[in-house]
Amino acid sequence: MGLCVKTSIRLFHLVFRLGFHHIGMKKILIFSVLIAAATSAQAASALSHTDTNFLNKAVMGNMFEIQASQLALTMTKAPADQTFAKQMISDHTKLGNDVRAAVAKVDANMMLPGSVSKAQQRMLNKLKKSGKNFDKLYKADMLSSHAKTITLFANYTASRHANPTIKAAAMNALPTIKMHHDEAKTLPKM
């Protein structure tokens, strides 16, 4: 139970034990202000629409990059693509775990997406069917996905509505995402 809730409960019990007949309007007003402050402090730690929108897009993007890279391990013949794919899976698994840990600190009840978006699923399906064009399409998808992710993370971390805990996780992830984008540029076109 949060500190603010415990404080509110303690204040309520204190007022109740003293008996309502001994409390004047001034004391009841002070109690009400204290309860309101405790409640608003707890509400301030909750996730905003900005946070949930960011988290949904970030988690789906992360899953897409992992799944596309898992396909690359079986479909590409290019050693550079295989090395890149292994790094994507490793790094994005860690980034996903870091984001989930940050979310759990703020809102343990937040349900994160369990699958990619419909558009991302279409991209994965296209990758599966790409045959000899896999390497070219994989590179294009990694460049596009990482560019979108960089913009998403940069906009979120610049937002004044971003939750500080989630924002810190996003700021920590951004250098890795930028590095992936730069590395994707060097993949062979095949």
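Could you state the number of Å between the C-alpha centres of the stretch 78-109 and the stretch 116-134?
Their Cα centres are 20 Å away from one another.
In Å, the Kirkwood hydrodynamic radius of the stretch 118-190 over pairs of distinct alpha carbons? It would help to have the intermediate numbers written out before the result.
On the way: mean 1/r = 0.0733 Å⁻¹.
Across the stretch 118-190, the inverse of the average 1/r is 13.7 Å.
Taking a threshold of 18 Å on the Cα-Cα distance, which of the pairs Lys118/Lys167; Lys77/Lys189; Lys105/Lys148 fall above it? Don't jump to the answer; show the numbers that get you there.
Details: Lys118/Lys167 26 Å; Lys77/Lys189 12 Å; Lys105/Lys148 26 Å.
In this structure, Lys118/Lys167; Lys105/Lys148 lie more than 18 Å apart at Cα.
Among Arg160, Arg100, which comes first, then next, by fewest other beta-carbon atoms within 10 Å?
Working: Arg160 5, Arg100 15.
Going from sparsest to densest Cβ surroundings: Arg160, Arg100.
We did not get these values from a lab; they are worked out from the coordinates using the rules stated. Please read these numbers as outputs of a predicted model, since none were measured by experiment. Because the Cβ atoms are built from the backbone with ideal geometry, glycine has one as well, and the counts that use them run over all protein chains shown.
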